[in-house]
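> Quick one: the structure is below, and I'll ask about it shortly.
Bear in mind these aren't lab numbers, they're just calculated from the coordinates by the rules spelled out. As the structure is a prediction and not an experimental result, all values here were calculated from the model. Note that each Cβ is placed from the backbone with ideal geometry, even for glycine, and that neighbours are counted across all protein chains shown.
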Amino acid sequence: MKSIVTTRFALAVATAMLLTTAWGTSSAIADEEVRSEKVKFSDLNVDSPDGAKALYGRIHAAAKRVCADRDPMMQPAEIACTAKAEGNAIGQLDLPQLSAYYQSKTKNGDRSQRLVAAR
């Protein structure tokens with residue numbers, strides 16, 4: 001049986017890889033360097049609503065940083081990249097409380113309240 005620390009580390013690495021993949025997709029068009037960011041959450045109880053909310057915030061913030069672009073003409077691509085990176089990371093983690101929180105935030109198209117992930 002894997003330890004919780006080993007499992008959470010693996011999840012953090014998987015999340016970082018998903019954020020990298022999402023940025024790579026949008027940056028390939030612009031011929032930019034691929035960016036990534038590790039999302040850490042070993043300090044959170046992701047089985048609680050508050051822990052899931054905090055992790056969602058961390059994932060959202062990381063996705064925004066990874067996808068950030070200073071060019072206002074790239075804002076639609078930045079928004080799409082952020083949403084994709086965030087959704088992919090949350091889907092890969094497959095944590096019930098986090099998925100439920102994410103669904104509640106995006107159910108009505110409210111993408112203004114996104115969170116970040118980091119351990």
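> Are there any trypsin sites (Lys or Arg not before Pro) in the range 60-94 that are in a DSSP loop and have at most 16 other Cβ atoms within 10 Å? List them by number.
Answer in residue order: R70.
> How much length would be gained if the chain were fully extended between D50 and A100, taking 0.36 nm per residue of separation minus their Cα-Cα distance, in nm to one decimal? Intermediate results must be reported in sequence, preceding the final value.
Details: separation 50, 0.36 × 50 = 18.00 nm, distance 1.20 nm.
That pair, D50 and A100, stretches by 16.8 nm at full extension.
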